[in-house]
Each structure stands twice: as structure tokens, then as C-alpha cells.
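**Q** Have a look at this one before I ask anything.
The values are calculated or read from the model by the stated rules, or taken from the named source; none is laboratory data. No experiment lies behind these values; they were computed from the predicted model shown. Cβ: placed from backbone, ideal geometry, glycine included. Neighbour counts: every protein chain shown. Side chains are part of the model used for accessible areas, which takes the heavy atoms of the whole protein and leaves out ligands, DNA and RNA. Shrake-Rupley method; radii C 1.70, N 1.55, O 1.52, S 1.80 Å.
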Amino acid sequence: PRTVYVSRHGQSQYNVCQKIGGNPGLTASGERFARWLGSWVPAHIWPAKNETGRSVTDFEELDADDEALDPHTARPLFGRVFSVDDTPVIIRPARLWTSTLKRTIDTARHIPHPVLELRGGGGVWHQMLPRVYRNLDELFAGDYEGMTYKEIEANFGGESILRKRDKLGYRYPRGESYLDLIARLDPLMHELESYAEPLLIVSHQATLRILYAYLVGIPRAEAPKIEIPLHTIIKIEWDGWQSFNETRFHFD
Ligand code: G3H
């Protein structure tokens with residue numbers, strides 16, 4: 001797509017006690033972020049306001065005109081064309097991806113979808129299409145899931161040293177490395193590159209480090225050190241090649 005929004009899940013129970021991995025729920029602060037995201041997304045990712053509450057099935061689907069151009073961007077239109085009171089309306093999909101873990105699903109659960117909020121009178125509207133992907137799950141810490149870094153260091157000091165030496169290649173015992181993450185994110189990157197519609201990814205710090213590095217062109221060896229802050233949406237407008245523009249939206 002041209003525009004990708006990425007966000008970590010809201011603050012989780014494990015974030016506050018500095019444990020890694022697991023499948024914890026959100027804290028009260030994380031839940032506040034989730035509720036904020038529920039109103040931020042409709043206001044920023046698509047421009048719809050509910051006036052009629054009508055569903056898309058009320059409308060008659062017309063033949064899409066492949067040659068038609070978006071009046072605002074002069075790019076070819078994508079999406080499906082419907083008729084509302086005899087006026088053509090383009091329903092343009094936006095995508096929402098989460099991991100399979102509770103903290104990302106709960107973070108995205110207030111985002112309304114599908115958005116079929118048509119005022120009539122034509123125009124271009126967005127519809128959110130949600131998907132849950134295991135590929136977006138957090139880096140799996142294997143035997144050390146649910147431990148703090150201090151506990152790992154105290155009990156398995158040699159492993160901590162190995163990880164510090166090569167964070168990209170280090171694989172947790174019976175778990176994953178950042179190189180493993182790159183391999184499992186690869187199919188999603190292909191899918192992401194095939195769309196034109198905006199995409200919001202709600203995932204985890206390690207996965208988003210890899211995704212972010214890929215989109216903005218940071219070498220993969222540096223990716224495991226990138227900080228992806230909590231409660232921040234990073235908007236990346238990307239030309240699919242080298243040029244990108246980044247905007248961050250923070251929730252306090
Ligand atoms: O829980 C895991 C973290 O998001 C990944 O952090 O790779 O810096 O240990 P780390």
C-alpha cells in the first residue's frame with residue numbers, strides 16, 4: 001500500500017512487570033489506548049461519519065470502471081462501486097491486521113468495522129477489513145517466556161551474553177530469533193506490497209522493528225535495537241521503493 005500505519009498493542013500486564021512473551025491482557029492504561037484507537041482510526045484512516053446507519057447491502061453494486069480516476073489523487077480508482085440513491089459511491093477497503101495474541105486483538109477491538117456509513121450524495125468511503133495473523137505474533141522466547149530480563153540474566157547468564165553479542169541471530173532455547181521473525185514476516189510483506197489501500201498493523205515491538213526497518217530502509221542488523229514506543233501510531237507513506245514519509249501520533 002501507499003500508507004501503512006503501525007502500532008504496538010496497548011500496555012499489557014507483562015509490560016508493567018517487565019516480563020517477556022506470554023499472552024497477557026491489557027492494563028487500564030492499555031485499555032484507554034485501545035478506546036482512543038477506536039475513535040482515532042475512523043477519524044484518520046477513513047473519512048466516514050455515520051449519518052444513515054445503512055449497510056452496504058442496501059445499495060446496488062455497479063460495474064467498476066477500471067479507467068476511472070480518483071478526482072483527488074488522479075490515480076486509478078480501486079474499490080467497489082455502488083449506487084446510493086442513483087449516485088455512484090466507491091467503497092474503498094482499508095485493512096486492519098493484528099496478531100493472534102490477546103493484547104493486539106483487545107487493542108483493536110474498539111475499531112469499528114466494517115464502516116458502511118454512507119451519507120448519500122456520492123463520494124469515496126472506506127471499509128475496514130480485519131485479519132488476524134500468527135505471523136504477526138511477538139518473537140517467541142521459548143523456554144524464557146514469562147520471565148524478566150533480570151531473571152534470564154541471573155539464571156542463564158551465558159545466554160544473555162550470547163544475545164548481546166548477536167541480537168539478530170540469537171535464538172532463544174526452543175524459541176525464535178530475529179532472523180526467524182524476518183522469515184515469518186516475509187509472506188506478509190509480499191501481501192502488504194500488493195495492496196493499494198491503507199493498512200493498520202497492530203502488533204508487537206519485535207515484529208514492528210523488522211517491519212519498520214524494512215519499510216524505511218534500515219539495515220536488518222540494526223533493526224533489533226529500534227525503539228517502537230507504546231501508545232504511538234506510526235504512519236508511513238511509502239512509494240514501494242525508496243522514498244517514505246513518517247508521521248507519529250502519540251496518545252498520552
Ligand atoms: O518481548 C519482547 C520484546 O518486544 C522484544 O524485545 O528483542 O529487545 O528483547 P527485545
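**Q** Around E246, under 9 Å between beta carbons, what's the net of Lys plus Arg minus Asp minus Glu among the other residues?
**A** Value of the local net charge: +1.
**Q** For a quick check: with amide H placed at 1.01 Å from N, whose amide H comes under 5 Å from A94's, ignoring anything fewer than 5 positions away on the same chain?
**A** Counting only residues 5 or more places away or on other chains, the set is Q127, M128, L129.
**Q** Tell me the relative contact order for the range 147-223 as a rounded percent, counting alpha carbon contacts under 8 Å between residues six or more apart.
**A** This gives 21 percent for the range 147-223.
**Q** By a straight-distance test (C-alpha under 19 Å), which lysines pair with K102 as possible cross-link partners, with residues fewer than eight away in the same chain excluded?
**A** Cross-link targets: K19.
**Q** In addition: Using only the C-alpha atoms of the range 197-252, find the volume of their convex hull and express it per residue in Å³.
**A** 82 Å³
**Q** Of the peptides 2-11, 135-144, how do they stack up when ordered by the mean number of other Cβ atoms within 10 Å, highest first?
**A** Output ranking for 2-11, 135-144: 2-11, 135-144.
**Q** Treating only the Cβ of Lys, Arg, Asp and Glu as charged (+1, +1, -1, -1), what charge dipole size does the range 209-252 show about its Cα centre? Round to the nearest 20 debye.
**A** 160 debye
**Q** Starting from the alpha-carbon convex hull of the range 174-220, give the projected area averaged over all orientations, in nm².
**A** Projected area, direction-averaged: 3.7 nm².
**Q** Please list E246, E193, E176 from largest to smallest accessible area, probe radius 1.4 Å, with all protein chains kept in place.
**A** So the residues, ranked largest to smallest area, are E193, E246, E176.
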